[in-house]
Amino acid sequence: YLIAKWVNQAVAARVAAAEKRLAFVEENLGVSASSTSSAEEISAPMMVGRSILTGDIGGTVKKPNRISSMRPSSTLVESNSDSTSTFAERVAGLESKVMEFEDTKDERRQVTKYNLPESTFTLMITEKPLSVPFVFAVCATSLSLTCLWLTLAESIAKSTRNNALGIPFGVSRTVTAAQFCGIILGVLFEDEIPEALQLIAHGNMGGQVAGRRGSFQRRRPSLMVNGTDIVSRRRIILSSMLRIAVGYTFLAALFINIAQGEDVINIFYDVLALGFVESIDDHSFALAKRGFFGKTMLIATSKQIHLDITGERGMSSGNWVHRFARIFYFCNALAMLSGLVVITVNQYNGQYRCESLTVNFDEEIWDAAHVGDDESTKETLLLYSHFSGTYVENGTADGYPKYTEQNKRDNRNFVNTIGAEIRYCRELGAWVFSHPNIKTSRNAEEENECSWLMRSPETLTFDIEYAASFAWNVWLGEIESSNGLSISCNECVDRSDCSYHGVCSNRQCQCEETHFGYQCQLGVPCLSLATEKRGCCGWQPDEPILLVNNTQEVGKFDMVYNRPIYLQTNMTGMPLDLRKFDIVPESSFSEKKGGSLDFADWDDFFGSSSVHDGLDDLLEEGYSIIMSFTGNRWYATMIPLNQTIANWFHYDYHAFWATALSEDRTFIISDITLASYPVAVDWFEMRRRVNYKLRKDVDFAYGPIGVLVPLIEYEGSGWFHCHQGSPTGSPTHSSAPTVSYIPSMAPPPTSSPTLSSYPSQVPPSVAPSSSLSPTETCSWIDIAIVYDDYPSDTSWELRRVVGGDVDNVLVKSFAAADGDGDDDTSVKYICLIEGEYEFIIVDTFSDGICCENGVGHYNVTSNGTLIGEGGEFGESETTLFSIPFVPPF
């Protein structure tokens, strides 16, 4: 009884609570039903009604355990039954009102029709997977993506280590304008990304619905095609993502191709071509709709396809979609235009091109170049190789960078000398090499465009290195084609640009101690040179040939044309160590071994020194020999002893303007080379450069730099070798040369460079006043002796026989006891005029120089021909011979 009473009380309490809530619902439903309230106003009572309909009326009534020994009284049960019945009726009435409200709400929901674009991407949404239209759509998308990726890959392949996008070194203003127009046109063509974003947004558009216990949930709208087939949102998203992939691949390929463009027409061609590739889906759909791909595709593409979007908000809820798509569209355009602005500014500032170049000219020679200013000119031998060296970007010409020649000492600006230029000539549409003081014609009116001396083929490129990879025309009095120009960048990106002999820092190579050069490509030169001539005698010249180092730092040395300088000083007479051939007098041309001698065998330099201005005085007073690089050859030139390195190789020095190839001072020259020092390079004696002085009745026609006679007969043997010893007055191999007689170098000038109207010329040359023929000449003989164990016992004399009297003219005598600098050998060179001579060798111990006390030997040669030799004799031995020497047959 107590339990039944407790249950009845609990049920009555819950029914009372439910009645209160029911009254609240009825009151609110009555208001909603009689007015046009908004969905938000109806949502609250709906939630309550649904809670009641589901039996959740404020709590769950737990059923008590059944107790067989207790039964509730009939009065209590009847009372509970009546209450429940009344409550159920009221709930039923409430349910009918809720259903009426739902019907009213459904009438307020809208169905939006979104027309799908006529594209193969639509077939991916509407057609069944693996059907013909679906596979057709996949193939069209794959073709578009493949073409775009191939284009993108080809564009990226043009990149370099210091230019990730392969941006040109520069473009003209018209090309820049075309690039910006191309970007705008490309963005206008691109419609895949906006359509994809709109489709994704519409497919996920929906309203808010009431959830359990008063919560609100977002309910996605139902999607149907043409009001019949339900569409999977996954297919919509997949199709849209493919459209976005195509769109952004198109934009990436478009941006890189336009940024790499250097021609207006090609830029617009690229835009049109890429636009077509991106729209393959649209074109394929259009062709299929016309029946080009069969009946199945015709049916699939001919349907009017729209997407039915059922949602509480209707089309008005998609306004944000259009705003978002527009914002995204303009953001893409802004990003691409901003990127192009950055590239254009970098091009203008020269970030993508090299600012410092090494230019090497081949040995193109113009023997009558017009050199001078507007008032006067003269004809001069022009070697283009003398203009090799460092060129630095210095402003612009016709919108292109202009490169100016730097001085040959430290690669900075000249002080007074005017440097040559490499610039673009818009009149020719080509790159040109020119100098303001070198003209192609004496008549200014006949001067060619931009006064070019060399010109490239027609081109629009800003890349001078690329332009130099083709054959250029060169002016040699007439136009000729030449492949003899090479241009390389002096800047680096990584260690490989430094030939793995240095590190790259701030785009400049920092070389190891063993190498030098812009790319660390040159090995450090040897400190002392030996010549092939001294192979018989310890390989050491009488006066050492030393590397010039006035920095007094180990591993450092003075340079000109980016190569070291060598110096041999305290010289008098002919430089025998640097000469191989004997002089043949002109009187000997009549016969030699039964035939005539070549005229080239006659040395017209030292043999006829009088025809070379001041050469006789220089040989008598003393001189130094400078070996220096001049662009593609090494020259050996004699200079006075009072001429210092600083004065000779000053900061305005230039091989052309200083007349480095002097017909009166340069006597040997190397083969064409780019070696770091003059070792392992063939050398030649220079002859026949004063043709106008040789004879008045013959118009000699030798080469522009004369006759080059090899110093050694075997090609590739070279002439100089590195000497590892430590001769007197020369440094050891581990230290830099610091001998006292090497002239000191003046510090670089501190004044700012100024340009004169005409390049300075050092040293001046004076034209000869008369023409002379060679007169008396001499022939060289070599006297070489290898002593026995007692060199002090040996001596020799050389006498000239005059009128049968042998004793009246002593030409030369020598005794080993007087000192030779070497106790084992002795070599002497003597130049003899025509006549009869006697060579006498004497041994005071009367046992000769072989073979009782060592194996000695002597020989006397002339022009490589043996005159006499021996070693086994008593007190003396005599050899009679004549000059010129004619061997017996």
Output for region 97-153, where each listed residue is open to solvent by less than 60 Å² (accessible area, probe 1.4 Å), assigned to a helix (DSSP H, G or I) and at pLDDT below 70: V98, F101, E102, K105
Enumeration of residues in region 710-729 that are open to solvent by 40 Å² or more (accessible area, probe 1.4 Å), under 12 Å from L546 (Cα atoms) and at pLDDT below 80: Q724, S726, T728, G729
Test set (1) out of contact with any Asp or Glu (no Cβ under 9 Å at 6 or more places or on another chain); (2) modelled with pLDDT under 90; (3) under 18 Å from H386 (Cβ atoms) - R689 fails condition number: (1)
Region 492-507 - residue that is at pLDDT 90 or above and assigned to a strand (DSSP E or B) and, of those, nearest to Q351 (Cα to Cα): C504
Residues located in region 463-491, provided they are in a loop (DSSP other than H, G, I, E, B), modelled with pLDDT of 90 or more and in contact with a strand residue (DSSP E or B) (Cβ under 9 Å, 6 or more places away or on another chain): A468, S469, A471, L476, N490, E491
Qualifying residue in region 361-379 (condition: open to solvent by 20 Å² or more (accessible area, probe 1.4 Å) and among the polar types (S, T, N, Q)): yes
In region 233-266, the residues that are small (G, A, S) and under 16 Å from L152 (Cβ atoms): A245, G247, A252, A253, A259, G261
Checking S662 against (1) assigned to a helix (DSSP H, G or I); (2) crowded, with 18+ Cβ neighbours inside 10 Å; (3) among the polar types (S, T, N, Q), the condition it does not meet: (1)
Pair list, Cβ under 7 Å, 6 or more apart: region 604-623 residue under 20 Å from F700 (Cβ atoms), other residue at pLDDT 75 or above and loosely packed, with under 14 Cβ neighbours inside 10 Å: S609/D616; S610/D616
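Tally time: how many residues in region 340-398 are assigned to a loop (DSSP other than H, G, I, E, B) and of a type in the set (S, T, N, Q)?
Residues of region 340-398 that are assigned to a loop (DSSP other than H, G, I, E, B), as a first pass: 349-355, 362-364, 373-376, 388, 398.
Filter again for of a type in the set (S, T, N, Q), leaving 349, 351, 376, 388.
Of the residues in region 340-398, 4 are assigned to a loop (DSSP other than H, G, I, E, B) and of a type in the set (S, T, N, Q).
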Selected residue (criterion: farthest from I849 (Cα to Cα)) from residues of region 810-825 that are exposed (fewer than 14 other Cβ atoms within 10 Å of the Cβ) and at pLDDT below 75: L810
Which numbered condition I626 misses (of (1) closer than 25 Å to L382 by Cα; (2) modelled with pLDDT under 85; (3) touching a Leu at 6+ places or on another chain (Cβ under 7 Å)): (2)
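The values are calculated or read from the model by the stated rules, or taken from the named source; none is laboratory data. This one's a predicted model, so the numbers in the text were calculated from it and none came from an experiment. Virtual Cβ from ideal backbone geometry, glycine too; neighbours counted across all protein chains shown. Note: accessible area is taken over every heavy atom of the protein model, side chains too, but ligands, DNA and RNA are not part of it. Shrake-Rupley method; radii C 1.70, N 1.55, O 1.52, S 1.80 Å.
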